[in-house]
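One structure, as structure tokens, below. Some questions next.
Every number here is computed from the coordinates shown, using simple stated rules; none is lab data. All of these numbers come straight from a predicted model, not from anything done at the bench. Cβ coordinates were reconstructed from backbone atoms using ideal geometry, including for glycine residues, and neighbour counts include every protein chain displayed.
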Amino acid sequence: MVFTLFVFLAVLGLVLGIAPRLLTRFYAGPRLYALETSPSEPVAIVFGAGLYRNGSPTPVLRDRIETAADLYRAGKVEKLLMSGDNSTPNYNEPGAMRDFALDLGIPEEDIILDYAGRRTYDTCYRAREIFHLDSAILVTQSFHLPRALYTCNALGISAVGVSADLRQYRRFSRTFWNLRETVATTVALWEIYVSQPTPILGNPEPIFPREAQ
């Protein structure tokens, strides 16, 4: 009896863990594009991915910024929204993202910073509520794109995605990211449909003010 209960709980946990990822992957499939075939959108949203102790972007984050810069140079987007964590004075992810984009030749006036994009949910929520976006290209790695696409679309942004996989990442890192993503996707669905938390907001900062359109 105890063994049967254990097996049941193990199978239930496996299903509950895998089902959200299968759902988001299925949803994301038709919304994924290569850079060359991506539709044009006003803005590319670049998700944060961590900094080194010296404040420079990690390789994963650099790949995201480089991919966004390529989209900009290809005329696929007009602006880059750099969204990351700046919860402490010594950790300024959006600022580091901007500096790297400037090094890549992106004009400063076309880089917008979101200092409160601490999580994917927060980034998508704020893109709609603070920056008044209703469509965008999401730029992140393939392991993260399904959750990002599902979340942003569920929160009111018509989004497509372009993968930022510009290199072969370490096997250990890929395994860790996928395990983490399994949990994060389940949490994302809970937040979208059940808890519906409100992230840090503030005054609206529309990227394209209606008066200028």
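Evaluate the distance, in nm, between pseudo-label points positioned 7 Å from the Cα of residue 22 and of residue 54 along their respective Cα→Cβ axes.
Computed distance between label sites residue 22 and residue 54 equals 4.6 nm.
Shifting gears a bit: Taking the beta-carbon count within 10 Å as an exposure proxy, list 175, 140 from fewest neighbours to most. Each step should come with its number before you reach the end.
Numbers: 175 10, 140 28.
Going from least to most buried by this count: 175, 140.
Another question, if that's okay. So, R0 is 30 Å and r is the distance between the beta-carbons of residue 210 and residue 35; what FRET efficiency does that work out to, to 0.05?
That pair, residue 210 with residue 35, gives E of 0.50.
Give the angle, between 0 and 90 degrees and rounded to the nearest 10, that separates the Cα long axis of helix 59-73 from the longest principal axis of the Cα atoms of the chain.
50 degrees
Also: Just to confirm the number: angle between the C-alpha axis of helix 145-154 and the first principal axis of the chain, 0 to 90 degrees, nearest 10?
Computed tilt is about 80 degrees.
Could you give P(r) for the range 27-203, binned at 10 Å from zero, as whole percent values over all Cα-Cα pairs?
P(r) for the range 27-203, in whole percents per bin: 10, 41, 39, 10, 0.
So what's the angle, to the nearest 10 degrees on a 0 to 90 scale, between helix 120-129 and the longest Cα principal axis of the chain?
The angle comes out near 50 degrees.
Further, regarding this structure: Can you tell me the relative contact order of the range 27-203? Whole percent, Cα pairs under 8 Å, sequence separation 6 or more.
25 percent
Kindly state, to the nearest 0.05, the FRET efficiency for residue 102 paired with residue 195, given R0 = 41 Å and r defined as their beta-carbon distance.
Here the calculated transfer efficiency is 0.65.
Dipole size in debye (nearest 20) for the chain around its Cα centre, Lys and Arg Cβ +1, Asp and Glu Cβ -1?
920 debye
Find, among the trypsin sites (Lys or Arg not before Pro) in the range 133-206, those assigned to loop by DSSP (not H, G, I, E, B) with at most 12 other beta-carbon atoms within 10 angstrom.
Working: sites: 147, 167, 170, 171, 174, 180; in loops: 167, 170.
Counting only loop positions with at most 12 other Cβ atoms within 10 Å, the trypsin sites (Lys or Arg not before Pro) in the range 133-206 are 167, 170.
Would you kindly state how much longer the chain becomes between residue 128 and residue 166 on full extension, computed as 0.36 nm times their sequence separation minus their alpha carbon distance, in nm to one decimal?
Answer, rounded to one decimal: 10.9 nm.
So how do 103, 165, 85 line up by other beta-carbon neighbours within 10 Å, fewest first?
103, 165, 85
Something else: As a test of the formula, what do you get for the chain when each DSSP H run with n ≥ 4 contributes -39,500 (n - 2.57) and the sum is divided by the residue count, at 222 nm and rounded to the nearest 500 deg cm²/dmol?
Values: 6 runs with 93 residues, N = 213.
One gets -14500 deg cm²/dmol as the mean residue ellipticity at 222 nm.
Taking the beta-carbon count within 10 Å as an exposure proxy, list 172, 26 from fewest neighbours to most.
In order of increasing Cβ crowding within 10 Å: 172, 26.
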